[in-house]
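Here, each number is a calculation from the coordinates, and none is a lab measurement. None of the values given here were measured: they were computed from a predicted structure. Every residue, glycine among them, receives a Cβ derived from its backbone with ideal geometry; neighbour counts consider all protein chains shown.
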Amino acid sequence: MVTGKIKNPLSAEEAEKIIDILSTLPISEIDLSLVKSAIETQKGYRISYRASLIIAAAERAGCDKVTSEDFGDGQRYNHVLVENPLHHRDNDPTHQNLV
């Protein structure tokens, strides 16, 4: 899709360079175990399946924090803390104000 059906498509060479860079990152593949974990998270927190899948994948990867604009800032889902990078933290000197 990034090489064709968007307003400013990438060349095949540009897309390949990006894929090469991204391929160095660890991947949590979606399998039955991850789906079941996501469903349990979805039921427990009443969040969307998509959101619960992100949390389940983060847990599997050993992440203790997810940065996202799509979750409540400071919310903890199981063992994963969510931080919204656009949330003001004027009173918290440990966080840089990104807005």
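Each residue of segment 17-25 was assigned a 3J(HN,Hα) from its phi angle through the Karplus curve 6.51 cos²θ - 1.76 cosθ + 1.60 (θ = phi - 60°); the sequence is 4, 5, 4, 4, 5, 5, 5, 7, 7 Hz, with glycine and proline shown as x.
Which trypsin sites (Lys or Arg not before Pro) from segment 1-91 combine a DSSP loop assignment with at most 10 other Cβ atoms within 10 Å? Write out the running numbers ahead of the final one.
Values: sites: 5, 7, 17, 36, 43, 46, 50, 60, 65, 76, 89; in loops: 5, 7, 46, 89.
Passing sites in segment 1-91 are 5, 7, 46.
Of 87, 79, the sequence from fewest to most neighbouring Cβ atoms within 10 angstrom is 79, 87. Taking other C-beta atoms within 10 Å as the exposure proxy, 29, 16, 83 rank 29, 16, 83 from fewest upward.
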